[in-house]
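The values are calculated or read from the model by the stated rules, or taken from the named source; none is laboratory data. It should be emphasised that the depicted structure is a prediction, and the values quoted were computed from it without experimental measurement. We place every Cβ from the backbone using ideal geometry, glycine too, and count neighbours over all the protein chains shown. The protein model used for the area step is the full one, side chains on, heavy atoms only, and it has no ligands, DNA or RNA in it. Shrake-Rupley method; radii C 1.70, N 1.55, O 1.52, S 1.80 Å.
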Amino acid sequence: MNDSSPPQSGPGQDPGSQPQIPPPTWIPYVVAAVIFSFLYLFFIQVPEKEPRYEIPYTQFKLLLKQERVKEVLLRGESVVGRLYDPEPIGPENATGVHFRSRIPSFGDESLLPELEARGVEVNVGTEAEGNVFTTFLFALLPWFLFFLVFMWIMRRASRNLGGGLGGPNELKRFLEATPGKTAEIPEVSFKDVAGQENAKREVTELVDYLKHPEKYRELGAEIPRGVLLMGPPGTGKTLMARALAGEAGVPFYSISASEFIEVFVGVGAARVRHLFEAAKKTAPSILFIDELDSVGRTRGTGFGGGHDEREQTLNQILAEMDGFSPHEDVLVLAATNRPDVLDPALLRPGRFDRHVTLDLPDLDDRQAILAVHVRKVPLAEDVDLGKLAAGTPGFSGADLKNLINEAAIIAARENNKQVAMADFDQARDKVMMGTERTLAIEPEERHRMAVHESGHTLVAYFLPHADPLYKVSIIPRGRALGATQQLPEHERHTLPEDYLHDRLAVILGGRMAEKILLGTVSSGADEDIHQATVTARAMVSRWGMSDEVGPVDLRDSEEHPFLGKEIAQPRHYSEHSAETVDHAVQQMLLEAEKRAANTIEQHREKLDLLVELLEKQETLGLEDIKRCLGPAIEKKHLSSVPR
């Protein structure tokens, strides 16, 4: 880092050539305050509550003889007094009660006896009392405070108006990429990153290069300019970057790409230059840019493509990554969950050479992540991390950490000393479905809810390719009035056609149960119909699972106009093809409804028992469902075909 102390002049160096240190910023304010004070003293008189008039000594003696003087203060040769009643003692016969006079320098021996004889209250003070300068200072103090407050308000207003730029030093800090931040070597290592073994393998050789660069240079190898970490939110991209720097033992610069963007065009580019300069001075080092898609989106087209500040910042990043010399060991890491919107110039070799994907954790990875996050959590004996990992498919590392925190909060709320498995189950329901709500539900509506959820449950229980059941409930949570939870026993990376057809039947099972048992349907199937339609349309237009349409990609454009690639969402097929897709989707949904209806008709008596039990207990686990519905069809676990 740069040394901020001024250079010392040597024997042969001209002292006058040293850089001038700018004067402190507070000096102008002090000078202005002093000038204001002198102007006040010269041109403004200190106001008094009542005027005090100067009278001759003879007039004072006359008023004393007439017994009109109430009290006096003797201070050297000065007499300050007050009358009983207002008298015409001022100029132009102005009346007043306060007066001032002076005793002759040779004295008046008869004054004090006469004052005592007239019953006047006599006070004696020193000459130092009543200093005029002190009086002026006390009168000036409120104005001085007002001046300071006024200058402080003006300074704040100028900062807000200028974006916080109050001077040369503040402008420099404003243009720096990481104001107030310094590079540090993280204490995180790969041991703290549970799971993500594939990503670790891809970045391990980078650690070896940063530790032993000469070994690679002898063979003509160069460090990759950039590594792009891609993956869904919460998969540990930032943690992986910090662990890489911690393993290599090199300085770590971290910044969010949104910090480059300001209201002034060109500030982002300046911050990029400052950040790269700092990283080069401490090489070997790692520079991490989080949320790269906020500045790295495709330039040019779309509604979101004409942002001068963002594009200038992106251009500067491209120029800096091209400007590395072969021996500048600076590794640029960037993280994004939207690699599809990044500018192609960022993704070419020479910029971000490597693309490392961080996937959602599988069963073993979830168990390892849970083991890391429960290190400081006192667990009860009944907690099974393997079972908990199996019950959280699709959870990211951040989701699992939040799950453990919610379970600890629930245990603390119940005044428990340890976190039990029941706390984790309750926390999982809260994370997946939302917090329980208290609603005043009519008995008829509650019965319809039980019929609806029982329909989902029965169809999922008896169809061979549906996911196994976990729990069914009619307790309102989040936005839903009830829920049927299914937990897959195995991780799925592809979705077989038989599984998807059974999935459609399960989704529509609640609506068909209402229709068969109650004779009518309700708006409670709104989300079910939406999910079923989305799934069926994907099966027809994307995955070629309809004989009527065949293996043709007829999906709608997935490009959003605000992402900067397309200004509209074009359709690359005819009206006849669109009509064919709609007809195939409709037929697929009707077939799924028919399968659900047949399953419900075959087990109508068991469905009535399930509805009655669900209304009574409100929440049923898998064992309760098995006792009510009897033996189920053995689930078939279809192996996915590698693609």
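Taken over region 488-506, the residue count meeting the criterion of being of a type in the set (Val, Ile, Thr) and over 16 Å from Val534 (Cβ atoms) is 1. In summary, Glu579 fulfils each of the numbered conditions (1) modelled with pLDDT of 90 or more; (2) surrounded by 13 or more Cβ atoms within 10 Å (Cβ to Cβ); (3) among the charged types (D, E, K, R) with the single exception of condition (2). Residue-level check: of (1) under 24 Å from the mean Cα position of the chain (by Cα); (2) more than 30 Å from Ala283 (Cβ to Cβ), Asp365 misses just (1). A Cβ distance below 8 Å, combined with a sequence gap of six or more or placement on separate chains, defines the contacts here; from region 521-536, residues that are of a type outside the set (Lys, Arg) reach residues that are open to solvent by 50 Å² or more (accessible area, probe 1.4 Å) and not in a helix (DSSP H, G or I) in the pairs Gly524/Leu481. When every residue of region 68-75 is checked against the conditions, none turns out to be surrounded by 12 or more Cβ atoms within 10 Å (Cβ to Cβ), in a helix (DSSP H, G or I) and either at pLDDT 80 or above or not acidic (Asp, Glu) (or both).
All conditions but one from (1) modelled with pLDDT under 90; (2) surrounded by 19 or more Cβ atoms within 10 Å (Cβ to Cβ) apply to Ala505; the one that does not is (1).
Does region 237-257 include one or more residues that are aromatic (Phe, Trp, Tyr) and without any contact (Cβ under 8 Å) to a residue 40 or more places away in the chain? Checking region 237-257: not a single residue is aromatic (Phe, Trp, Tyr) and without any contact (Cβ under 8 Å) to a residue 40 or more places away in the chain. Being in a helix (DSSP H, G or I), among the aliphatic types (A, V, I, L, M) and buried (at least 17 other Cβ atoms within 10 Å of the Cβ) is a property that Leu228 lacks.
Of the candidates Pro113, Pro86, the single residue that is in contact with a Ser or Thr (Cβ under 6 Å, 6 or more places away or on another chain) and either free of Cβ contacts under 8 Å to residues at least 40 places away in the same chain or open to solvent by 50 Å² or more (accessible area, probe 1.4 Å) (or both) is Pro86. Restricting Ala632, Ala596 to those that are over 43 Å from the mean Cα position of the chain (by Cα), open to solvent by less than 100 Å² (accessible area, probe 1.4 Å) and modelled with pLDDT under 85 reduces the list to Ala632. Of all residues in region 523-532, which are of a type outside the set (Val, Ile, Thr) and either within 11 Å of Ala460 (Cα to Cα) or open to solvent by 40 Å² or more (accessible area, probe 1.4 Å) (or both)? Residues satisfying the conditions are Ser523, Gly524, Asp526, Glu527, His530, Gln531.
Looking only at region 504-524, residues that are in contact with a Leu (Cβ under 8 Å, 6 or more places away or on another chain) and either over 18 Å from Asn598 (Cβ atoms) or assigned to a helix (DSSP H, G or I) (or both) come to 7 in all. Annotation note: Cβ proximity below 9 Å between a residue of region 201-217 that is without any contact (Cβ under 8 Å) to a residue 12 or more places away in the chain and under 15 Å from Ser189 (Cα atoms) and a residue that is basic (Lys, Arg) and assigned to a helix (DSSP H, G or I) (sequence gap 6+ or interchain) occurs for Asp208/Lys215. If you filter region 174-223 down to residues that are modelled with pLDDT under 80 and β-branched (Val, Ile, Thr), you find that the one that is surrounded by the most Cβ atoms within 10 Å (Cβ to Cβ) is Ile223.
Counting only helices (runs of 4 or more DSSP H) that fall entirely inside region 370-464 and contain at least 2 residues that are open to solvent by 30 Å² or more (accessible area, probe 1.4 Å) and farther than 24 Å from Val506 by Cα, the qualifying elements are 385-390, 397-413, 421-433.
For region 465-481, a residue qualifies if it is of a type outside the set (Ser, Thr, Tyr) and assigned to a strand (DSSP E or B), and the qualifying residues are Leu469, Lys471, Val472, Arg477, Ala480. Is it fair to say Thr336 is of a type in the set (S, T, N, Q), closer than 22 Å to Thr619 by Cβ and crowded, with 17+ Cβ neighbours inside 10 Å? When the stated conditions are applied, Thr336 does not pass them. Being modelled with pLDDT under 90 and closer than 27 Å to Gly434 by Cβ is a condition met by at least one residue of region 338-354. Evaluate the following for Gly246: is it open to solvent by 30 Å² or more (accessible area, probe 1.4 Å) and over 17 Å from Asp290 (Cα atoms)? Here the answer is no, as Gly246 does not meet what is asked.
Looking only at region 342-369, which residues are assigned to a helix (DSSP H, G or I), open to solvent by 60 Å² or more (accessible area, probe 1.4 Å) and charged (D, E, K, R)? Correct list: Asp364 only.
Residues satisfying the criterion are absent from region 482-498 (criterion: part of a helix (DSSP H, G or I) and either crowded, with 24+ Cβ neighbours inside 10 Å or modelled with pLDDT under 90 (or both)). Of a type outside the set (Val, Ile, Thr) and under 27 Å from the mean Cα position of the chain (by Cα), is that true of Leu439? No, not satisfied.
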